[in-house]
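The values are calculated or read from the model by the stated rules, or taken from the named source; none is laboratory data. The structure displayed is predicted, hence computed values, not measured ones. When we count neighbours, we look across all protein chains shown, and the Cβ atoms used for this are built from the backbone with ideal geometry, even at glycine.
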Amino acid sequence: MKGNFKIVMLVICIIAAVFGILVFAGLITIGSDKNEEGSLGTVIIWGTDKMQNLAKPIENFNKVNTTFTVKYVQKDAETFDEDLLEALASGTGPDMFFISNELAHKYSNKIYTIPYTSYPLASFKGTFASAGDVFLTSNGVLAFPLTIDPIVMYYNRSILDSSNVIYPPTNWTELTNLVPSITVKDGSNKISTSTVALGQFSNILHAKDILVTLFMQAGNSIVTESNGTFSSVLDSTDSKYSLSSMLEYYTNFSDPLSDTYSWNKSLANSQDYFSSENLAFYFGYASEMETLVNKNPNLNFLVSAIPQIENSKTKVTNSKVTGIAISSFSKNFSTAFTAASLMSTGSFASDYIKATSYIPARRDLLSEKKTDAFSPIFYASALYAKSWIDPSSEDTNDIFRTMIDGTLSNSLSTNEAIKDSSAKLDLLLAK
């Protein structure tokens, strides 16, 4: 009897081991709505969203998926990166975690890369907007996209009305043409009302992200990946338009001798200057709308799509993307895989969007018609937004600061500044 029992247990162990190998090799596909048989127990997901935002969506998700349970743990945004690294290193980390494009590179070797045999590339691209492609690698998927936060153009209606400007500009040429009629300067060239906050780095809230937008519109992806290796393409010659001309366009707005002079480093932070009703156009993220309202409830402003290159056949804006990643150290991988895929493709995503007012990454959710003054622009911008693997926000800020400041001081030509930045970005990506 004991002998038979040992044989049975041995067979079970062998079958379990083979199944595990097949799953990780991508030969057995898991994660569809109809395949939850191997998904049992409780899995933990970490994020920085308030518990009140996730409580109901998680509750609804667990009611529908009765074979397993997802538990959300709220972490401090300031220490999330450090806490997650320590937890994963000690073996006490979560099974899943919310991750942004700014952390994807840092955690790429700690995330289970989902092979395309388990989640086909065509399914991914058909389900999520293009900004979600930031989580795609040559070997598979790093995370399931959940939200997109695109850069848009906020504008002061009162300033435009007073300047006899009927509509906000749709391309960069139109924007430059508006500078003489909107920017107000005294006899000593001191600016009191600015058309747009461009040209500097230190007092422009999203200087790097705006310049990246210009580069993306020129056809440059900033970073590329091949076989798990990330590298800079800032110095690539494959772009439709010269990045040098884009950098020159940007910095000209801070040149006192230029016709487009509209900004300098003595002015207040760009967001504050807009809130104080001294700036006509402010480039910021869709998620900033509530902040702008709170800063000045009387501010008469609306939102428009970010300008594009004149006569360009396609639209592009930069964005931040958040997705759900699966820890490669999860002790309950099957359930984590199923939960992550269902959360991004099922009703959880829509419940989450309703609870947070974030902008969805799913194409079907972006197709929903909104009637308020802001969401239609936010949703449309998210659909044509792109994103990039930023290896370290703080370090890349320094790289782009040097690029802009070096150009303004004439210590570097625009070509030299871009080549220098590309070399530094490569070193950062190699760490």
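Structure data summary
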item	result
Top-ranked residue in segment 396-429 [being of a type outside the set (S, T, N, Q) and in contact with a strand residue (DSSP E or B) (Cβ under 6 Å, 6 or more places away or on another chain); ranked as surrounded by the fewest Cβ atoms within 10 Å (Cβ to Cβ)]	Asp426
Members of segment 409-431 that are under 30 Å from Ser108 (Cα atoms) and part of a loop (DSSP other than H, G, I, E, B)	Lys431
Segment 345-368: number of residues that are in a helix (DSSP H, G or I) and surrounded by fewer than 22 Cβ atoms within 10 Å (Cβ to Cβ)	12
Count - residues of segment 180-208 that are surrounded by fewer than 22 Cβ atoms within 10 Å (Cβ to Cβ) and either among the small types (Gly, Ala, Ser) or closer than 18 Å to Ile309 by Cβ (or both)	5
Breaking point among (1) in the same structural domain as Val165 (by TED's automatic domain parsing); (2) in contact with a strand residue (DSSP E or B) (Cβ under 8 Å, 6 or more places away or on another chain), for Lys295	(2)
Residue among Phe97, Phe128, Phe135 that is in contact with a Gly (Cβ under 6 Å, 6 or more places away or on another chain) and either touching a residue at least 60 places away in the same chain (Cβ under 8 Å) or buried (at least 20 other Cβ atoms within 10 Å of the Cβ) (or both)	Phe135
Any chance Asn227 is within 27 Å of Pro391 (Cβ to Cβ) and surrounded by fewer than 20 Cβ atoms within 10 Å (Cβ to Cβ)	yes
Cβ-Cβ under 7 Å pairs, at least 6 apart or on other chains, segment 327-348 side in contact (Cβ under 8 Å) with a residue 40 or more places away in the chain and among the aliphatic types (A, V, I, L, M), far side surrounded by 23 or more Cβ atoms within 10 Å (Cβ to Cβ) and part of a loop (DSSP other than H, G, I, E, B)	Ala336/Asp95
Residue in segment 228-275 that is farthest from the chain's Cα centre (by Cα), counting only those that are aliphatic (A, V, I, L, M) and over 19 Å from Ala423 (Cα atoms)	Leu257
Some residue of segment 405-422 being of a type outside the set (A, V, I, L, M, F, W, C), under 30 Å from Thr127 (Cα atoms), free of Cβ contacts under 8 Å to residues at least 24 places away in the same chain and touching a helix residue (DSSP H, G or I) at 6+ places or on another chain (Cβ under 9 Å)	no
Lys56 being assigned to a helix (DSSP H, G or I), of a type outside the set (Gly, Ala, Ser), modelled with pLDDT of 95 or more and not assigned by TED's automatic domain parsing to the domain that holds Pro391	yes
Unique match (being out of contact with any Ser or Thr (no Cβ under 8 Å at 6 or more places or on another chain) and at pLDDT 95 or above) among Phe378, Phe400	Phe378
Flag if Leu103 is under 20 Å from the mean Cα position of the chain (by Cα), over 18 Å from Ser330 (Cα atoms) and part of a strand (DSSP E or B)	no
Meets criteria (crowded, with 19+ Cβ neighbours inside 10 Å, farther than 29 Å from Thr396 by Cα and not acidic (Asp, Glu)) for Asn156	yes
Checklist (1) at pLDDT 50 or above; (2) within 27 Å of Tyr119 (Cβ to Cβ); (3) surrounded by 15 or more Cβ atoms within 10 Å (Cβ to Cβ) applied to Val73, failing item	(3)
Of the criteria (1) closer than 17 Å to Ala143 by Cβ; (2) assigned to a helix (DSSP H, G or I); (3) charged (D, E, K, R), which one Lys320 fails	(2)
Filter pass, Gly31 being farther than 26 Å from Thr147 by Cβ, of a type outside the set (S, T, N, Q) and either surrounded by fewer than 16 Cβ atoms within 10 Å (Cβ to Cβ) or modelled with pLDDT under 95 (or both)	no
Any hit, segment 385-408, residues being more than 20 Å from the chain's Cα centre (by Cα), part of a helix (DSSP H, G or I) and assigned by TED's automatic domain parsing to the domain that holds Phe128	no
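For (1) assigned to a strand (DSSP E or B); (2) under 30 Å from Ser334 (Cβ atoms); (3) over 19 Å from the mean Cα position of the chain (by Cα); (4) modelled with pLDDT under 95, each residue gets a yes or a no:
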residue: Tyr116; (1), (2), (3), (4): no, yes, yes, no
residue: Lys125; (1), (2), (3), (4): no, yes, no, no
residue: Pro150; (1), (2), (3), (4): yes, no, no, no
residue: Ile159; (1), (2), (3), (4): no, no, yes, no
residue: Thr173; (1), (2), (3), (4): no, no, yes, no
residue: Leu178; (1), (2), (3), (4): no, no, yes, no
residue: Ser202; (1), (2), (3), (4): no, no, yes, no
